[in-house]
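K.L.:
Below you'll find the structure I mean.
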Amino acid sequence: AIDCYHISYYASTPSSPGRITSNLRKNSGFHLVSSGPPGIEPGSEAVHAVRLVKDGAHIQLQVDGKVIIDWTDDGKRYGPALGDGKIGLRQMQWTTALYRNLRVHELRAEGETEGAGRR
């Protein structure tokens, strides 16, 4: 019942040890709106750089500089495009992952001053 976008870019479950896609879903409704290649290969122990940008209705996810998801919400098919809100990280019980250097920035157009960003 939560309105949000969520991206699965790494999945390895006991029943599916190496899913071959990354998925972007829009909730509520669990609508699969975009798929791409896996962001992180199952079993990887490397350090990965993940970059997520949400600029208005446009969402792009990059892993190690490679674009994994690149989608723009048309605001029609699955309801209005979602605006600002909160960020959450969810990890399945059998997933082992560590996070470091998490930074969240407000987007600014060229020439904008701090505090004058977009949603």
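The values are calculated or read from the model by the stated rules, or taken from the named source; none is laboratory data. A quick note: this is a predicted structure, and the numbers were derived from the prediction, not measured. We place every Cβ from the backbone using ideal geometry, glycine too, and count neighbours over all the protein chains shown. Side chains are part of the model used for accessible areas, which takes the heavy atoms of the whole protein and leaves out ligands, DNA and RNA. Shrake-Rupley method; radii C 1.70, N 1.55, O 1.52, S 1.80 Å.
K.L.:
Report Rg/Rh for segment 63-107, rounded to two decimals, where Rg is the Cα radius of gyration and Rh the Kirkwood radius.
P.N.:
1.02
K.L.:
Considering only protein heavy atoms and a probe of 1.4 Å, how much of the accessible area of segment 1-60 is carbon and sulfur, as a whole percent?
P.N.:
55
K.L.:
For the chain, what is the convex hull (Cα atoms) projected area averaged across all directions, in square nanometres?
P.N.:
Approximately 8.6 nm², given one-decimal rounding.
K.L.:
Keeping to pairs on different chains or 8 or more places apart, tell me how many lysine pairs in the chain have Cα atoms under 15 Å apart.
P.N.:
4
K.L.:
Determine, for each peptide in 37-50, 81-94, the mean count of other beta carbons within 10 angstrom over its residues, then list the peptides with the highest first.
P.N.:
37-50, 81-94
K.L.:
Sequence gap at least 6, Cα distance under 8 Å: using those rules, report the relative contact order of segment 10-104 to the nearest whole percent. If you can, show how the numbers build up before the last one.
P.N.:
Numbers: 124 pairs, mean separation 20.0, N = 95.
Worked out over segment 10-104, it gives 21 percent.
K.L.:
Output the antiparallel fraction of DSSP beta bridges having both residues in segment 1-106, as a percent to the nearest 5. Show your work: numbers first, answer last.
P.N.:
Details: 22 of 23 bridges.
Just about 95 percent of them are antiparallel.
K.L.:
Using a 1.4 angstrom probe, figure out how much accessible area segment 28-119 has per residue, in square angstrom, rounded to the nearest whole.
P.N.:
Here the per-residue accessible area is 79 Å².
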